[in-house]
Each structure stands twice: as structure tokens, then as C-alpha cells.
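Data first, discussion second: the structure below is written as C-alpha cells.
What follows draws every value from the coordinates through simple rules; no lab data is involved. Quick caveat: nothing in here was measured; it's all calculated off a predicted structure. Here the Cβ positions follow ideal geometry from the backbone for every residue, glycine too, while neighbour counts run over all protein chains shown.
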Amino acid sequence: MHNESILLAQKIYHILDNKKLDDIQVLDVHEITTLADIFIIVTGSNTRQTKALVDELEDALSEENIEVIQKEGYQTANWILMDYGNVIVHVLYKEDAEFYGLDRLWQDGKTILF
């Protein structure tokens with residue numbers, strides 16, 4: 001895994017953690033997928049909150065000249081995916097997070113604690 005991926009994931013984690021969220025998971029998935037090095041999974045209590053989290057994260061990283069490569073799902077805001085290259089952020093509405101169970105799907109990933 002690249003050191004750049006860890007540094008970016010740490011920035012993202014701290015931006016999200018400042019929002020006092022209950023559920024932020026950072027997973028090292030580089031040994032089990034070629035999609036990315038790190039997945040960050042965060043849950044919002046409603047779709048308004050998921051959009052607000054995405055907006056704030058995108059703005060904060062943009063101020064550091066870190067731009068999202070691709071963003072999917074923003075219109076419905078049930079599951080918003082933000083692609084930052086080797087770090088992918090999943091922002092899910094609580095009910096969808098429970099339904100899709102990304103934490104179970106990627107349970108072989110190693111939890112990263114910051």
C-alpha cells in the first residue's frame with residue numbers, strides 16, 4: 001500500500017471525525033482487491049446529512065488541491081461513492097448501510113485506526 005493512500009485516508013478520516021459521526025470505518029483492502037488501497041465507509045442518519053458530509057469533504061479536500069475523480073449517487077444520496085484514486089469513500093444512509101452491509105462484504109480488509 002502506498003504511503004500517499006494512508007495520508008489521504010487520514011485526512012479524510014479527520015474531516016469526517018470532526019462531524020462527530022458514530023460510524024466511520026477505514027479498511028485496508030489492497031490485498032483483496034485492485035479497486036483501491038483503502039475504503040472509508042461512513043454512515044449518515046438521513047440523506048440530507050449524507051449530502052452535507054460529501055459537500056464538506058469535497059470542499060475541504062479541494063482547498064488542499066485534492067479533487068474527487070468520480071462521484072456517484074449524489075442525486076439520491078442513499079449511497080454516495082467518492083473516488084479519490086487509491087482511496088474510495090462510501091457515504092451511506094443508515095438504512096442502506098445496514099441493507100448492503102459493506103462492512104460484512106469487505107470484512108477481510110484490515111481495520112486502520114487513526
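Among 74, 93, which comes first, then next, by fewest other beta-carbon atoms within 10 Å? Can you show the working numbers first?
Numbers: 74 15, 93 22.
Arranged by neighbour count, lowest to highest, 74, 93 become 74, 93.
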Legend entry - Pairs of lysines in the chain (C-alpha under 18 Å apart; 8 or more residues apart or interchain): 8
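Can you tell me, using C-alpha contacts under 8 Å and at least 6 residues apart, the relative contact order of the chain as a whole percent? Intermediate values should be presented prior to the final figure.
Numbers: 185 pairs, mean separation 34.2, N = 114.
About 30 percent, as a whole number.
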Inset, instruction - Quick one: check the C-alpha center-to-center distance for segment 1-56 versus segment 80-114, whole angstrom. - result: 7 Å
Legend entry - Ranked list, fewest to most other Cβ atoms within 10 Å of each Cβ, for 30, 2: 2, 30
Legend entry - Relative contact order, percent, segment 1-50 [alpha-carbon distance under 8 Å, six or more residues apart]: 33 percent
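Taking every DSSP beta bridge with both residues inside the chain, roughly what % is antiparallel (nearest 5)? Don't jump to the answer; show the numbers that get you there.
Details: 15 of 22 bridges.
So the antiparallel bridges amount to about 70 percent of the total.
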